[in-house]
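*Asks:* Structure incoming, see below.
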Amino acid sequence: MRSSRRSTYALSMEKGDLLPTLLMAPAVALVFFVMVVPLSYGVFLSLFNFEFGAFDLRKAFVGLRHYITFLGDETALRAVANTLMFSAGAIAGDFVLGTLAATFIHSFSRSIARFIRPIVTVPLLVSPIVVGLIWRYIYDPQGILYWLMDQVGIPFEAFPGVTSASTALLSTIIAHWWQVVPFMIIVLTAGLVSIPVELYEAAHIDGAGPVTAFFRITLPMLKDVYMVILLISGVDTIKVFDIIFALTGGGPNNSTVSLSMYAYSQGFANSNLSYAMAISVVVMTLTFVIFGIPFIRQNRNRNDR
């Protein structure tokens with residue numbers, strides 16, 4: 001009798017262990033076919049000279065030649081520098097402007113904040129390609145920006161915008177801020193609401209001012225929110241394409257060309273799909289090294305506590 005009960009219990013445990021696997025199977029299969037298979041095929045193509053309609057595995061294999069070519073390609077290296085500078089500037093502005101704006105809006109009364117937040121988040125609803133076109137007209141020498149500059153006596157040469165290689169990348173970063181800072185406001189506002197009011201009351205009793213409370217309470221309590229934002233914004237800025245494509249097209253003189261744009265031009269304009277795949281693998285590797293590894297380490301440290 002006992003043996004039969006034990007066997008029944010063991011069978012139920014086996015079924016219980018199998019149930020989570022069965023429930024996860026559709027999601028795992030979706031991830032495998034949507035992400036793993038295309039990614040593996042992209043890495044595979046980067047090792048060959050792929051030609052549409054004439055692809056022979058035995059003749060087309062080149063190994064790491066495309067990656068070696070990438071290291072000696074001046075335009076590709078310029079694209080790496082542009083991508084990293086764009087990512088660093090965009091993320092820094094997102095964090096600073098988003099934090100200041102979210103804190104400022106959070107200081108209003110609840111009724112006023114509810115009215116302001118929907119208005120502030122309007123740029124987030126606009127497609128990045130449309131954002132690029134909007135700012136293309138703003139940066140036009142006959143556009144509103146330079147009209148305002150002329151009204152206050154600032155010459156065109158002070159900020160030539162997308163017409164100069166020295167300011168074109170900054171111009172694209174400003175356009176990115178205009179669209180993405182509202183997202184930061186939404187996320188950081190949710191984080192600010194979750195901070196207990198008692199902490200600020202205790203700090204006020206101890207004589208701490210608003211600035212001290214901000215650096216001693218607000219920023220530390222938003223640490224986890226910042227890590228999530230860093231991962232999302234980092235991945236988004238490393239693979240930036242659409243806003244730069246619409247705003248500058250990579251110019252002038254390749255001063256704003258990103259890795260994704262260069263991969264696009266190599267794959268579709270020059271019909272060099274294998275080299276484009278190699279560039280895409282470099283983008284993926286940079287994203288994982290810069291943003292993926294720190295995020296994984298933080299999660300491990302949190303689990304070890």
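*Asks:* When you look at R110, is it over 20 Å from the mean Cα position of the chain (by Cα) and surrounded by 14 or more Cβ atoms within 10 Å (Cβ to Cβ), yes or no?
*Replies:* Judged against the criteria, R110 is not a match.
*Asks:* A follow-up question, please. How many residues does region 250-295 contain that are loosely packed, with under 15 Cβ neighbours inside 10 Å and polar (S, T, N, Q)?
*Replies:* Of the residues in region 250-295, 4 are loosely packed, with under 15 Cβ neighbours inside 10 Å and polar (S, T, N, Q).
*Asks:* Being more than 30 Å from L64 (Cβ to Cβ) and acidic (D, E) is the requirement here; does D224 meet it?
*Replies:* Yes; evaluated as a whole, the condition is true for this residue.
*Asks:* Within region 219-270, count every residue that is outside any helix (DSSP H, G or I) and aromatic (F, W, Y).
*Replies:* Qualifying residue count, region 219-270: 1.
*Asks:* Here is a follow-up. For the condition at negative phi and either without any contact (Cβ under 8 Å) to a residue 60 or more places away in the chain or in the same structural domain as L133 (by TED's automatic domain parsing) (or both), what is the one hit in S271, S260?
*Replies:* S260
*Asks:* List every residue pair whose Cβ atoms lie under 6 Å apart, where the two residues are 6 or more positions apart in sequence or sit on different chains, the first residue falls within region 20-49 and is free of Cβ contacts under 8 Å to residues at least 60 places away in the same chain, and the second residue, located anywhere, is surrounded by 11 or more Cβ atoms within 10 Å (Cβ to Cβ).
*Replies:* That search, which allows pairs on different chains as well, returns nothing.
*Asks:* Take the conditions modelled with pLDDT under 80, in a helix (DSSP H, G or I), aliphatic (A, V, I, L, M) and surrounded by 10 or more Cβ atoms within 10 Å (Cβ to Cβ) and apply them to A76. Does it pass?
*Replies:* Judged against the criteria, A76 is not a match.
*Asks:* Would you point out which residue out of S127, S171 is within 19 Å of I232 (Cβ to Cβ) and surrounded by 11 or more Cβ atoms within 10 Å (Cβ to Cβ)?
*Replies:* Selected residue: S127, the only one of S127, S171 that is within 19 Å of I232 (Cβ to Cβ) and surrounded by 11 or more Cβ atoms within 10 Å (Cβ to Cβ).
*Asks:* A further question follows. Of the conditions (1) surrounded by 16 or more Cβ atoms within 10 Å (Cβ to Cβ); (2) more than 30 Å from T256 (Cβ to Cβ); (3) not assigned by TED's automatic domain parsing to the domain that holds T167, R117 fails just one. Which one is it?
*Replies:* Going through (1) surrounded by 16 or more Cβ atoms within 10 Å (Cβ to Cβ); (2) more than 30 Å from T256 (Cβ to Cβ); (3) not assigned by TED's automatic domain parsing to the domain that holds T167 one by one, R117 breaks only (3).
*Asks:* Can you say whether I217 is surrounded by 14 or more Cβ atoms within 10 Å (Cβ to Cβ), free of Cβ contacts under 8 Å to residues at least 40 places away in the same chain and β-branched (V, I, T), as far as the supplied structure shows?
*Replies:* yes
The values are calculated or read from the model by the stated rules, or taken from the named source; none is laboratory data. As the structure is a computational prediction, the values presented were derived from the model and not from experiment. Using ideal geometry, Cβ is built from the backbone for each residue, glycine included, and neighbour counts are taken over all protein chains shown.
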